Amino acid sequence: MRLELEYAYWKSTVAGIVRPRVPVVSYVPERRHMPERVLQVESAWKGIESILSDIVHRFNLGTERCLEFGVEYGYSTAALSSIFDSVTGVDTFAGDKHTVSKQDIYADTLKRLSVFGNIKLVRSDYRDWIANDDTVYNLIHVDIVHTYADTFACGLWSAKHAQCAIFHDTMSFPAAKQAIVDISRQTGKRFYNFEESNGLGILV
């Protein structure tokens, strides 16, 4: 499977040579603001929480519904719940090949986030979720296994079901960034990239 995913990435990269170039616009926040809810847990997402309100303001996003694929310890989930009325976090809570922990962390994360009444956690693979959800969200956050194929599949669905889709680790995983380029090309949404905190891709 890994060879197939790697093949998908390189196939896209080579094909991109002859396709029209997708511009990647550097995202420079106009203002930074720490949300009310910041968990004291380790997270590669630290720094991104300070630009969430800037993203919402700049792109005139609604704040009713947010969906997150990839909760892990709940750092990003808590930050998002400071801004959005309702946040649904979808994760297997069992790790993947790109996470440090491969242990089952569902119970710990559920307990940690249980103090926030507007967060709902769902234990599910993203593929099962997107096969059964037609809801339109204000924002969807994608932070799953960072392969080209998974990022493209989850990200394309997300871009079609949200005003704005954001993707973590664009600076750490070239395959994920390439998938976002292809999603931008297919949907016509503009690709902004915030280079701090391992990178955050923004499709809007």
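A few notes on this one:
- Fully extending the segment from Ser124 to Val18, taken as 0.36 nm per residue of separation minus the present Cα-Cα distance, adds 34.4 nm.
- The range 60-198 - percent relative contact order, Cα under 8 Å, separation 6 or more: 22
- In percent, rounded to a whole number, the relative contact order of the range 18-67 is 36, using alpha-carbon pairs under 8 Å and six or more apart.
- Shape of the range 1-86, Cα gyration tensor, a/c cut at 1.5: prolate
- Heavy-atom surface of the chain, accessible at 1.4 Å and reported per residue (Å²): 49
- In sequence order, calculated HN-Hα J values of the range 63-77 (Karplus, 6.51, -1.76, 1.60; Hz; x Gly/Pro): 10, 7, 9, 10, 10, 10, 9, x, 9, 6, 8, x, 4, 5, 4
- Subset of Lys120/Lys177; Lys111/Lys189; Lys46/Lys177; Lys120/Lys160; Lys46/Lys111 violating a 31 Å alpha-carbon distance limit: Lys111/Lys189
- Descending by average beta-carbon neighbour count within 10 Å, the peptides 52-62, 144-154, 34-44 line up as 144-154, 52-62, 34-44, the highest first.
- Of the solvent-accessible surface of the chain, computed with a 1.4 Å probe and all protein chains present, 52% belongs to carbon and sulfur.
The values are calculated or read from the model by the stated rules, or taken from the named source; none is laboratory data. Keep in mind that what you see is a predicted model, and the values were worked out from it rather than measured. Every residue, glycine as well, gets a Cβ built from its backbone with ideal geometry; the counts of neighbours run over all protein chains shown. The area values use the complete protein model at the heavy-atom level, side chains included, leaving out ligands, DNA and RNA. Shrake-Rupley method; radii C 1.70, N 1.55, O 1.52, S 1.80 Å.
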